[in-house]
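Asker: Mind looking over this structure? Questions follow.
Just so you know, all these numbers are worked out from the coordinates, no wet-lab data involved. These figures come from a predicted structure and were not determined experimentally. Here the Cβ positions follow ideal geometry from the backbone for every residue, glycine too, while neighbour counts run over all protein chains shown.
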Amino acid sequence: MSKIVDARGLSCPQPVLMTLDAIKSGSDGELEVIVDNMASRENVVRAAESHDWSVFEIKDNDDKTQIFIRKG
Amino acid sequence: MAKNFFSTRVGIIFVGAVIGILAAVLQKLGNPGNMGICVACFERDIAGAIGLHRADVVQYIRPEIIGFVLGSLVAAYSFKEFKPRCGSAPMVRFVLGVFAMIGALVFLGCPWRAVLRLAGGDLNAVLGLLGLGFGVWVGVMFLKNGYNLGRSQATHTSAGWMLPLVMLGLLSLMFIYPQVPGEDKSGVLFYSLNGPGAMHAPLLISLVVGLGIGFLAQRSRFCTMGALRDLILFGQTHLLSGFLSLLIFACVANIVLGQFHPGFTGQPVAHDLHVWNFLGMALAGLAFALAGGCPGRQLFLAGEGDTDASVFVLGMIAGAAFAHNFGLASSPKGLGPHGIAAVIVGFAVCLFIGFAMKKKIAA
């Protein structure tokens, strides 16, 4: 069961801070990060990739975007 | 989902270059020395134009500021990024805006102007940029310790429109009460006859350039404070690329336009009190870091419907009024009579906010 990081309603740098905290605490190698704006989406993807995690799925809904990342 | 070119590294470097060149051009066309764009100085000039302060050398509604908000609004709507939101400690953000402006006016510039001053050869800006870095570093310490202002929530579209409408109102006033040569007032608006407030590019050019920069900066998420913060906090250089691009292209443009004069003394709208250039920008940098964006970014966020950013902008305008009414602002002659006290109070307030605001956000 992958950990969920809910960064809705938060603007930079919180979404990246929360994502990197979750990455550093292990999280079974998989994470779901929920954001609600494009800038946060871009920032989270960029941060994950710079820490050698890859984005394997992104689900865009009306009010939120779910970014699924995994180690490697 | 269509890819956003401007939010790539090449894109933000392009945006930085455009801003740097346009800033140099605005100066050539009449804006003050090493002040093609200065968000703090220009918001201070707006405060003067509407009578919130009566420092008669700095009174003019700067169309660049209006353009930044409205250009960002157009970009946000064009790409479905307009999201009206509110509720993330607006009163705290107002106070942060007040002290960000006070700090900036002790140095005589916001981070955008610090870069542009350096690009014009003003070496005092080195102290300012070092101070900015220090202030942002202190802010990063708080961020690492759990500081945050809490989540915002969605609100009415019309609420998100408030600051853009205020900006349209200011623009309308400029057309209803245009500047009359030789007159220090036109209707309800004040217009400087001397000093930096009297130095401005033509209204329409300033407005169109502001709109263009507002559009590009919203798309690229351009932020001069974030550039330093992300480097210190994450070792990330994405925003820094845009920041450095602005510096380099503004410098080259200044050299081409004959606007590059290296040195410490005799620089336009500047003083060479190294300690206070450092500390003024340190205060401003800390306030911007705690508020989540440089003053330009706050305008672009406001254009996207972020009303918390709008409140920060209003705080900066109020701060400018305080600065000139209470003698907090510097001038080329040096510090204002209460500038030092204001910087000390500002640090105390920002440090209090940094320590106190640790709203628990369940992850």
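Asker: Using the 4.7 Å Cβ rule, please list in number order the cysteines from chain B without any candidate partner.
Answerer: That list is B:Cys86, B:Cys110, B:Cys223, B:Cys251, B:Cys294, B:Cys350.
Asker: Counting Lys and Arg as +1 and Asp and Glu as -1, each charge on the Cβ, what is the dipole of the range B:22-67 about the Cα centre in debye, to the nearest 20? Show your work: numbers first, answer last.
Answerer: Numbers: 4 positive and 4 negative charges, 11 e Å.
That gives a dipole near 60 debye.
Asker: Order these by the 10 Å Cβ neighbour count, fewest first: B:Thr237, B:Thr224.
Answerer: By the 10 Å Cβ count, ascending: B:Thr237, B:Thr224.
Asker: Right, something else. Determine, for B:Met199, B:Met162, B:Met167, the number of other Cβ atoms within 10 Å of each Cβ, and report the residues in order from fewest to most.
Answerer: Numbers: B:Met199 18, B:Met162 15, B:Met167 26.
Placing the least packed residue first, the sequence is B:Met162, B:Met199, B:Met167.
Asker: How far is the Cα center of the range A:21-72 from the Cα center of the range B:163-222, in Å?
Answerer: About 41 Å separates the Cα centre of the range A:21-72 from the one of the range B:163-222.
Asker: Of B:His156, B:His271, B:His261, which is the most mobile in a GNM of chain B whose springs link Cα atoms less than 10 angstrom apart?
Answerer: It is B:His156.
Asker: Please turn the phi angles of the range B:130-147 into ³J(HN,Hα) values with the Karplus equation 6.51 cos²θ - 1.76 cosθ + 1.60 (θ = phi - 60°), one per residue in order, whole Hz, x for glycine and proline.
Answerer: For the range B:130-147, the Karplus-derived couplings read 4, x, 4, x, 5, x, 5, 4, 4, x, 4, 4, 5, 4, 5, 8, x, 4 Hz, x marking Gly and Pro.
Asker: Name the residue farthest towards the positive end of the dipole of the protein assembly as shown from the options B:Ala55, A:Ile58, B:Leu216, assuming +1 on Cβ of Lys and Arg, -1 on Cβ of Asp and Glu, about the Cα centre.
Answerer: A:Ile58
Asker: Evaluate the charge dipole of the range B:140-264 about its Cα centre and quote only its size in Debye, nearest 20, assuming +1 on the Cβ of each Lys and Arg and -1 on the Cβ of each Asp and Glu. Walk me through the numbers on the way to the answer.
Answerer: Details: 6 positive and 3 negative charges, 96 e Å.
It comes to approximately 460 debye.
Asker: Moving on. Given the pairs B:Lys83/B:Lys358; A:Lys24/A:Lys64; A:Lys3/B:Lys360; B:Lys80/B:Lys358; B:Lys144/B:Lys333, which are separated by over 29 angstrom at their Cα positions? Don't skip to the end; give the middle numbers.
Answerer: Numbers: B:Lys83/B:Lys358 25 Å; A:Lys24/A:Lys64 24 Å; A:Lys3/B:Lys360 18 Å; B:Lys80/B:Lys358 32 Å; B:Lys144/B:Lys333 39 Å.
Over 29 Å Cα-Cα: B:Lys80/B:Lys358; B:Lys144/B:Lys333.
Asker: Can you list the HN-Hα couplings for the range B:45-51, worked out from phi with the Karplus curve (6.51, -1.76, 1.60; θ = phi - 60°), rounded to whole Hz and with x for Gly and Pro?
Answerer: With the stated coefficients, the range B:45-51 comes to 5, 5, 4, x, 4, 9, x Hz.
Asker: Could you point to the residue in B:Leu123, B:Ser331, A:Ala48 farthest towards the positive end of the protein assembly as shown's charge dipole, with +1 and -1 charges on the Cβ of Lys/Arg and Asp/Glu respectively?
Answerer: A:Ala48
Asker: Let me ask something else about it. Just how far, in whole angstrom, is the range B:1-54 from the range B:63-129 if you go by their alpha carbon centroids?
Answerer: The range B:63-129 and the range B:1-54 have Cα centres spaced 9 Å from each other.
Asker: I've got another one for you. Nearest-5 percent of antiparallel DSSP beta bridges in chain B?
Answerer: Numbers: 5 of 8 bridges.
In chain B, DSSP labels about 60 percent of beta bridges as antiparallel.
Asker: A follow-up question, please. Which whole-Hz couplings ³J(HN,Hα) result when phi for each residue of the range B:240-254 is put into the Karplus expression 6.51 cos²θ - 1.76 cosθ + 1.60, θ = phi - 60°, listed in order with x for Gly and Pro?
Answerer: 4, 4, x, 4, 5, 4, 4, 4, 5, 5, 5, 5, 4, 4, 5
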